[in-house]
Each structure stands twice: as structure tokens, then as C-alpha cells.
Amino acid sequence: MLHHVIDISFLLTLYLDFTEFEDTVKTFTKECKIKGKPLPKTAGGSLKDSKALIIQKDLLTAFEDGDQKVFFELWEQHISSSFRDNDPLAQKLEFYVHIHFAIYLLKHSVGKPDKADFDERISHFKTYLETKGAALSQTTEFLPFYALPFVPNPMVHPSFKELFQDSWMLELKARLEKFLSLTLKASHAPRLLTLYKENGQCSKEMLQQLHQQLVEAEHRSMTYLKRFNKIQVDYHNLIGVTAELVDSLEATVNGKMITPEYLQSVCVRLFSNQMRQSIAHSIDFTRPGTASTMLRASLAPVKIQEVPLLPSLDYEKLKKDLVSGSDRLKAFLLQALRWRLTTSHPGEQRDTVLQGYISNDLLDIHNSSQRNVLKLLHSKSEVVRQYVARLVNAFASLAEGRLYLSQNPKLLRVLEERLKAEDKDSLTRENVLGALQKFSLRRALQTAMINDGLIFWLVDVLKDTDCLSDYTLEYSVALLMNLCLRSSGKKMCAKVANHVLKVLSDLLGHENHEIQPYVNGALYSILAVPSIREEARAMGMEEILRCFIKEGNAEMIRQIEFIIRQLNSEEPLDDSVESDDEEEDEDDEEDHDTMEADLDKDEALQPQLGELSGEKLLTTEYLGIMTHTPKVKKKLFPGVHQSIDEPLQRPVTPGYHRTAYPT
């Protein structure tokens with residue numbers, strides 16, 4: 001017991017001495033003596049201070065003498081590596097000290113400096129720039145100095161003129177001296193302070209570990225989402241193959257023979273996703289039993305697992321913070337709400353999440369006040385604008401979400417304004433465009449976009465595809481096609497026929513083959529207008545199309561043949577075909593629910609240590625009581641399907657089309 005008292009008294013005395021509570025140390029020592037408490041004698045701070053002063057003096061001497069080797073040996077020995085690598089002030093100071101040693105001989109040599117010594121210093125500086133110094137290469141302040149080792153005579157170069165003035169070195173030395181006096185004193189901190197810091201470090205490490213686990217869990221969630229999307233593609237591919245086989249069975253009833261080559265091609269399509277294309281082609285599926293044996297072998301009993309509903313949320317508190325919270329909190333909430341939708345399991349879990357959002361009017365669609373969630377689309381913070389656009393795009397990915405969003409007549413106009421105001425390469429514009437493209441599945445919204453002149457904007461954007469991301473390109477062309485399917489859209493195109501035809505003919509040869517079905521669909525649609533057909537013939541459209549027949553795949557060739565027939569047709573435009581601009585039983589066929597992975601790509605927001613995000617943020621700060629409102633989804637009519645040979649004549653989205661009509 002006595003031993004522990006001595007140790008604690010000793011630690012207290014050292015701490016009080018370090019923090020310069022001199023009177024307190026005297027009082028504490030005096031009281032210990034009066035009460036007979038043992039107190040070991042300490043050397044006080046003098047020894048500690050003198051040691052720090054000696055190290056500081058040696059470092060400054062090496063700095064002034066240009067002794068690079070001695071300086072950095074002392075620097076690495078007495079300044080902790082974690083502090084040197086993580087403290088911005090230490091990193092910047094070290095960078096300038098390296099510059100000082102690199103040019104030392106140029107400033108202090110009488111006559112020409114020793115070449116070998118100078119080359120060695122420049123080589124050392126180059127190595128530093130390529131290793132530790134690389135961390136500052138993106139900083140404007142330091143960027144010019146990365147050219148220093150390659151300039152033949154830096155003394156006369158205007159960018160480095162300041163380095164060779166005496167004032168620069170004196171100022172750097174003063175900064176170094178101040179830094180060393182503070183740092184070396186802190187490095188000799190008393191044991192009591194060290195114990196406190198170590199305990200704090202332990203908590204910090206635990207938080208880092210938990211944060212890492214959260215990141216890994218979110219990564220697993222995204223992996224499972226991608227697996228689901230792949231399975232969905234396989235499912236739609238299987239439906240397509242089944243439809244073809246049914247057609248073939250009908251043909252055999254009528255006396256037509258099925259060739260072995262046809263059977264081989266069908267089986268290759270069936271197995272191409274499960275094995276490499278080359279292997280699928282090399283297997284002889286025409287042998288009886290080969291295909292059926294492989295199919296049965298690929299099936300494994302799947303245990304159906306119950307998916308729990310996600311916890312209820314306090315939507316009133318959520319909406320309040322979305323309107324009046326800090327920009328960082330708003331962004332984290334928008335991110336978490338989107339993840340809840342994009343990573344939920346399709347079916348009851350996702351339906352319940354969406355119905356919870358809709359029934360609590362999460363996006364204030366029915367709120368016309370000046371302060372509501374949709375106003376965040378005008379936020380000064382680019383991250384907030386981006387994250388609200390991502391959330392709107394996620395809503396628009398689901399049929400029920402589109403119906404909810406379409407109930408605010410002003411939203412479409414706000415999104416169109418945002419689309420034209422954002423930078424070309426911004427993720428905000430990508431997500432606004434994605435939402436508008438999905439809105440174009442609904443006839444009333446198609447009509448509004450056509451009347452707003454969105455076709456003209458799209459054609460202008462598609463003139464220069466080199467500066468567009470794949471997402472922007474695909475969704476722009478798909479949106480243009482959906483608007484061109486309407487008679488009013490065709491008439492808009494007729495006003496700028498030459499411009500539209502030039503853009504679409506250029507897109508026919510684009511390297512991104514995902515856009516081909518939409519380009520073909522748009523061309524086929526607008527060529528129903530006699531005046532556009534005349535313009536197309538005048539510009540030699542048939543010759544252009546026949547060039548693509550020579551090098552296209554079978555599906556592309558069949559679609560282009562349809563387009564050529566349309567081009568040579570003499571039929572007048574029949575406005576009644578689409579029941580155009582009459583919204584009767586609109587969107588019964590609109591069953592497109594596609595939650596593409598792009599919604600969660602390139603996250604701009606990353607939580608700092610101890611900061612809550614994602615589902616953890618929602619369930620910790622915004623847990624509600626029974627806000628779920630389960631609703632039986634209306635039975636959506638299966639879409640009106642068409643022959644895969646023809647160009648698209650129904651509105652689609654890129655994500656849905658890739659799964660429904662595999663190229």
C-alpha cells in the first residue's frame with residue numbers, strides 16, 4: 001500500500017511540475033511532510049528542460065550548417081513518426097526544411113558548388129518528393145516545388161527567386177525553433193499525462209475497429225445487391241429464351257424443322273452467363289440430354305429465408321433536421337435514407353420502406369411551404385444537392401415512387417432547371433437526368449417534358465458525346481427515345497429534323513453498344529413523320545444505315561432493316577395510334593422497378609471517426625414507434641411485349657432494358 005502511495009505522489013508531483021503549478025507543488029510537498037506521507041525527491045523540470053534545449057540547439061545548429069544527415073537523424077529520433085506523418089504543420093515544415101537543404105550549397109558556396117555534393121542533395125530531395133513528400137503534391141502551395149530538382153539554374157528562375165533571399169531562411173528558422181520548443185517539451189510529458197493519452201488511444205482504436213466493421217458490412221451489402229441484379233438479368237434472359245422455345249414449338253406444329261445450329265445457339269445463350277463464352281460454344285448441345293443434364297446440375301434447392309422489416313423511424317424529427325440541420329447532417333441523413341431504399345431486399349422489406357417514406361411524405365411532395373425537403377435541390381452545398389438528387393433518383397427507380405413524386409406538379413420543372421444549371425460532369429446532374437428518364441415512363445410527365453422543350457436540350461447535349469459519362473450518355477439517349485415515341489415528341493423533332501437526324505446517325509456508330517436499342521427506337525419513331533423522312537432521304541440516311549448492316553450483329557441488322565423500311569414508307573403520320581395526349585388508364589404497363597448500382601457509386605461523403613452514418617445513424621438518433629404502414633401493392637399489368645427484332649416502341653429505362661432485352 002505504501003509503495004502505491006509513493007508512486008501516485010511521485011506522478012502527481014511530476015505532473016504539477018510539468019504544468020508549472022509551482023506554488024501547488026510546494027504546498028503539496030509541505031502537506032506531505034506535515035502528515036508524514038512519504039514523497040520521493042525529484043529532480044524537477046530542470047533536467048527535462050535542459051535535455052530538450054540541448055536537442056533543440058543541435059537541430060538548429062545542423063540546420064544552419066546545412067548538415068542534412070545530422071539534422072534528419074535527430075529529427076527522426078526525437079519527433080515521433082506518428083506526429084511527423086499525421087500533423088499538417090509538421091509535414092509542411094519538413095517539406096520546407098528539405099528545400100532548405102537541397103539549395104543550401106547554391107546559397108552558401110563561394111563560386112560554383114561541389115557537383116557531387118550538390119547532385120547528392122538534389123537526389124535526396126527527389127527521393128523525398130517521390131515518397132513522403134508525395135502527400136502534398138495536390139496542394140497548390142507546394143506544387144511548384146516539385147519542378148525544383150529539374151530546373152537547371154533555380155537561382156534565376158522566377159518561381160524560386162524568393163527561396164534565395166536571406167529573409168526566407170530566417171523566417172523558416174524561426175518557425176522551426178518555435179515548433180521544436182513546443183514539440184520537444186510535449187515529448188517529455190509526465191507519466192500521468194501519458195497514461196491518460198494511452199487510455200484515450202485505446203478508446204480511439206476501439207472506435208476505429210467498429211468503424212471498419214461498419215464499412216465492411218456496407219461493402220457486403222453492396223456485393224449482395226450486385227449479385228441480386230445479376231440474378232435478375234439471368235431471370236429475364238431465361239424468360240427470353242423460353243419465349244423463343246415456345247415460338248419454336250409452335251413452328252414445329254406447323255411442320256417447320258428446327259436446325260441443330262438453332263438449338264446450339266439457344267443453348268449457348270442459356271449457359272453463356274454461367275460459363276465462359278468460349279466453353280459454352282465448344283460444348284455440343286445437339287447431343288440428346290446434354291442441355292437438360294447441365295440444367296438439372298445447375299439447380300440446387302434454395303432455402304427461403306425470412307427477411308425482417310427494418311426498424312420504424314421518427315419521420316417528424318427526420319424532416320425537421322433535413323430542413324434546419326447543418327449541411328453535413330442533411331447530407332448524412334439523405335445518404336442513410338437512400339441506402340435504406342437501395343440496399344433493402346426487394347419484396348416486403350423494400351415495399352415497407354418505400355410505403356413508410358410515402359405515407360409520411362418524406363420529401364414534402366404535398367407540402368407547399370417555403371421550407372421543405374425539396375428545397376434542398378437549391379442548396380448552396382454541392383454535396384447536399386447531389387445527395388437529394390440521388391434520393392429522388394432512387395424514388396424514381398420504383399413505380400410507386402414515381403407515382404408519389406408525380407403528385408407535385410412543380411418538381412418536374414425544378415429538376416429540369418437543375419439539369420441545365422449543374423456542371424456537365426457532376427453526379428448531381430447524372431442523378432437528376434436519371435430521375436427524369438424514369439419519369440418519362442409516365443405519359444403525363446412525358447407530355448410536360450416535351451412541352452418544356454427538353455428534346456432540344458437533349459439533342460444539343462448529345463452533339464458532343466466525348467465529354468459525357470456512360471451514365472449520362474445512356475440515360476440521355478433513352479430519355480430522347482421515350483419522348484420521341486409520342487406524336488407530340490415527333491412533331492418537336494420535325495422542327496429541327498436535320499439536327500436530330502445528324503445526332504442520331506452519329507450515335508449509330510458510337511463505341512458504347514448499350515445505347516444502340518434507344519438510338520434505333522428513336523430513329524424508327526421519328527421516321528414516321530413524312531417531313532423527317534424527306535430530310536433523312538436528302539442526307540442519304542439509307543446509305544448510312546446500310547453501312548452499319550455490314551458490321552452490326554444479327555439483332556442490330558434486323559432492327560436497321562425495320563428502320564430502312566420505315567424510311568422508305570409513304571404512310572402519313574397517324575396521331576391516333578398512341579391515343580396521344582389522352583392519359584386514359586395511363587401507365588398500367590409501367591411495372592419497371594430497377595434499382596441500379598450507380599445510385600450508390602462514388603460516395604462524396606465519408607464519416608469521420610466517431611461520426612454516425614447509414615442505418616446506424618437512423619436507428620440511433622431517429623428511431624420511431626410503429627411508423628410502418630404495410631400496403632398491398634396493386635397488381636401491375638405485365639408490359640405489352642414486342643418482338644425482339646423490332647426497334648423499341650415502348651418507354652423503357654436503361655437498367656430495365658438491359659435485363660428485359662439482353663443484347
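Values in this text are rule-based calculations from the coordinates and carry no lab data. Computed from a predicted structure; not experimentally measured. For neighbour counting, all protein chains shown are included, and Cβ atoms are generated from backbone atoms with ideal geometry for every residue, glycine included.
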Checklist line | Distance between the stretch 424-462 and the stretch 136-155 - C-alpha centres, whole angstrom | finding: 46
Item checked: Amide hydrogen neighbours beyond the local backbone of Leu623, cut-off 5 Å, H modeled -> Asp314
Next item on the list: Work out, step by step, the length gained on full extension between Ser381 and Leu214: first 0.36 nm times the residue separation, then minus their alpha carbon distance; give nm to one decimal.
Entry: 57.5 nm
Notebook entry, point to check: What order do you get for 520-531, 602-613, 325-336 when each peptide is scored by the mean count of other beta carbon atoms within 10 Å, highest first?
Noted result: 520-531, 325-336, 602-613
Next item on the list: Compute the length gained on full extension between Lys226 and Lys115: take 0.36 nm times their separation in residues and subtract their Cα-Cα distance, giving the result in nm to one decimal.
Entry: 34.0 nm
Notebook entry, point to check: Cα centroids of the stretch 479-543 and the stretch 310-383: how far apart, whole angstrom?
Noted result: 39
